[in-house]
Amino acid sequence: MTYPLKFRQQVLETRVREGLTIAEVSERFCVGVASVVRWLKDPEPKQGRSKPVTKIDMAALAQDLRDHPDAYQHERAARFGVSQHGIGAALGRLGVTYSLVIRNRSFYHCVFWQKRLTDARISSADLTH
């Protein structure tokens, strides 16, 4: 959970004003000791992830989509040596999602790949053989 900047400043000011230790101030405000130590270094909340995604090569994943369009996520995860959740997140970054279609008003469901087209991502023509 991210605490607002005002709260962080209040915790740090109370520590200085009353001469409390880090453990005492963390107990008083019900926050972790590590949080107070981190706020002493930099009280500003972090705005987002500064580390780029590095484990899954997006070009290789796009090629894998072309080579194996009907593969399950767990199969792709095994090929790339990552978790199924990681593959799902990477597919989301590519704009590839699952859709559920009901055909002929029956309960026959067909799962297929739906592609949102953008200039920066692979085109639907790249996903077909």
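Bear in mind that the values in this text are calculations on the coordinates, not laboratory data. The shown structure was predicted, so the numbers you read here are calculated from the model rather than taken from an experiment. As a convention, Cβ positions derive from the backbone with ideal geometry for all residues, glycine included, and neighbour counts pool all protein chains shown.
Overview of results
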{"read-out": "Subset of the range 4-60 (residues that are in contact with a helix residue (DSSP H, G or I) (Cβ under 8 Å, 6 or more places away or on another chain), part of a helix (DSSP H, G or I) and under 30 Å from residue 78 (Cβ atoms))", "value": "58, 60"}
{"read-out": "Residue count, the range 62-94 (criterion: in a helix (DSSP H, G or I) and more than 17 Å from the chain's Cα centre (by Cα))", "value": "12"}
{"read-out": "Pairs where the first residue, in the range 58-71, is of a type in the set (Phe, Trp, Tyr) and the second is surrounded by 11 or more Cβ atoms within 10 Å (Cβ to Cβ) and part of a helix (DSSP H, G or I), C-beta under 8 Å, 6+ apart", "value": "none"}
